[in-house]
1. Say whether the condition of being closer than 29 Å to ILE276 by Cα and out of contact with any Phe, Trp or Tyr (no Cβ under 6 Å at 6 or more places or on another chain) is met by at least one residue in the range 169-176.
2. Are any residues in the range 500-523 out of contact with any Phe, Trp or Tyr (no Cβ under 6 Å at 6 or more places or on another chain), polar (S, T, N, Q) and at pLDDT 95 or above, and if so, which ones?
3. Can you report the number of residues in the range 44-82 which are in a helix (DSSP H, G or I) and surrounded by fewer than 16 Cβ atoms within 10 Å (Cβ to Cβ)?
4. Considering GLY104, GLY143, which residue is surrounded by fewer than 19 Cβ atoms within 10 Å (Cβ to Cβ) and at positive phi?
5. Are any residues in the range 311-348 free of Cβ contacts under 8 Å to residues at least 40 places away in the same chain and either of a type in the set (D, E, K, R) or outside any helix (DSSP H, G or I) (or both), and if so, which ones?
6. Please work out which one of (1) of a type outside the set (A, V, I, L, M); (2) farther than 29 Å from GLN29 by Cβ; (3) at pLDDT below 95 is the condition ARG560 fails and give its number.
7. For GLU437, work out the one condition from (1) in contact with an Asp or Glu (Cβ under 7 Å, 6 or more places away or on another chain); (2) modelled with pLDDT of 95 or more; (3) not basic (Lys, Arg) it doesn't fulfil.
Amino acid sequence: MNHKRWNLRPPLSREHLLLKSGFSPLMSQLLVNRGIEEPAAAWAFLKIDPSLSPDPFLLHDIEPAVSRIYRALLGAEKVAVYGDFDADGITATALLMSGLSQLGINVVPYLPHRLDEGHGLKIAALEKLHEEGVTLVITVDCGITGAAAVKRANRLGLDIIITDHHTPTQELPPALAVVNPKHPDSVYPFKDLAGVGVAYKLLQAVNKGLNKTESLHDVLDLVAVGTVADMTPMLGENRYLVNQGLQQMNLVLRMGFKELLTKAGMKDGKLSANNITWMMAPRINTASRLHDALPSYELMMTSSLERAQALAEWLESKNLERQQITQAAAEAARQQVHAKGVQSLLVIESGEFPAGVSGLVAGRMTDEFYRPTIVVKSGKRVTSGSCRSIPEFNIVEALTRCGDLFLDFGGHAQAAGFTLLTHNMAILEARLLAFAEHSLEGVDLRPRIDIDAEVNFKDLTGEAYADIQKLEPYGQQNPAPVFVSRKVRVISCRTMGNSAEHLRLRLQQGEAAFDAVAFNAGDNIKEITTTLDIVYNLELDQWNGRNTLRLNLMDFTKAR
């Protein structure tokens, strides 16, 4: 366990509106920490009210997009859904393929190859689709930075509808419609939909005009998986859509997903967002990291049990292979960092490891060194980069400042990618490093734990855990609540695990006592003193048919 800096959120004023509206002090604090200040918004959040999901026709360019799809339906045109190779893009592709084909549209999928083509709209792919008789291309989870490709499509007479959620660049693609809640002219009240969420809103608008909204329930599981996997904020409409999708999955689980979870070792139980994050998403993404995205797409679409079992088994084996490759690649990256010295921004050459794991390695180095990290794969002519960052440094803003150097780039504040001519890489590295040094000057670059509230153990007894669970589903900007308790007495402590890598403790404060675990903290056992200050979240330990509340320690120090 590497100790971190503790960031305790400021406590609420006793006069806060939520407290005066009947919310408990703890729940009021948790809601405000998630940006929810008004009672009406708080009730909608906790009830996961349908009002969290706005009318799809508020989206920019949604009407011309829907009209063009209707024309394709009436004219029996051939339509392509052009996706992306990650879990968000694959689920979005599967969603539109399912929804549009149910309406009778002749629709085909196109998923680019991560290694051969890369992210985003490619001119060669659009030319190929045009030659195959496609007259309308609908992008999902990509396209917002594809101005050049759209211009070429326009010259071919190929209509393009962009649906995307990535941050637009200064030049918007001249498509027939650009459906993106982040569009500069957008009035849509929720900006943080995943790519699959935007695709769902388009399908919702199409079906709404045809009075066929009942069929949308069948694709809500895809929305939940893609939204959680893409780590979009679990607030607002995302919270509503994921909750709806999880309900659908716990009612009727798609055959491919059921086999995937079975191969991953999940036992019967209520499916949660956590299961998507740690069990489903890595396996779905593995296909494109080591091969291509089609097996994951087929897993979502197949109605054959035999085929679903074979695909799930293949993905499981590839995921194990991916884990081994990532472990070795991370060690090689770590050596590079130490050899160059830890700078404000880390640039790592991927060397011999597959480009498909570059993002994973960048993420590991960002977590370990708490620096924005770029892992690059250099070719003779073109270099590609995968970027991960920390909350204090907006990586896509940094890349935008260097936009003149790229062939293509895009992403989010903490995850992005780019391609550029190899001879420009040294210039890019120098510019980004200078920008990072300036932006991060004076910033405490140690990993940070954001703590929701300081509590006593007695505050967590009774109905407290049940109340806290109302915040689920958890995710980005709505994580499982984190607490700090001070001067906690250690009744017992021992190591556990095959290599004694974890700690198991019994802790007491006042008359309340809890079991606790500290994963990967076995080496820290010498730091355990009679009394501790601890940072943790609550979890339900399910063992031998018993449900016991315990503390999951995230950090600790000697009591002050």
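1. Our first condition is that a residue be closer than 29 Å to ILE276 by Cα; within the range 169-176, this holds for none.
No: zero hits.
2. GLN508 - this is the single residue of the range 500-523 that is out of contact with any Phe, Trp or Tyr (no Cβ under 6 Å at 6 or more places or on another chain), polar (S, T, N, Q) and at pLDDT 95 or above.
3. Matching residues across the range 44-82 total 12.
4. Answer to the selection: GLY104.
5. LYS318, GLU321, GLU331, ARG334, LYS340, GLY341, VAL342, LEU346, ILE348 - these are the residues of the range 311-348 that are free of Cβ contacts under 8 Å to residues at least 40 places away in the same chain and either of a type in the set (D, E, K, R) or outside any helix (DSSP H, G or I) (or both).
6. Answer for ARG560: the failing condition is (2).
7. (1)
The rows are residues; the columns are (1) under 18 Å from VAL228 (Cα atoms); (2) polar (S, T, N, Q); (3) modelled with pLDDT of 95 or more.
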{"position": "ILE284", "(1), (2), (3)": "yes, no, yes"}
{"position": "GLU306", "(1), (2), (3)": "no, no, yes"}
{"position": "ALA310", "(1), (2), (3)": "no, no, yes"}
{"position": "SER317", "(1), (2), (3)": "no, yes, yes"}
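The values are calculated or read from the model by the stated rules, or taken from the named source; none is laboratory data. Keep in mind the model is a prediction, meaning the values are calculated, not measured. Backbone-built Cβ (ideal geometry, glycine too); neighbour counts: all protein chains shown.
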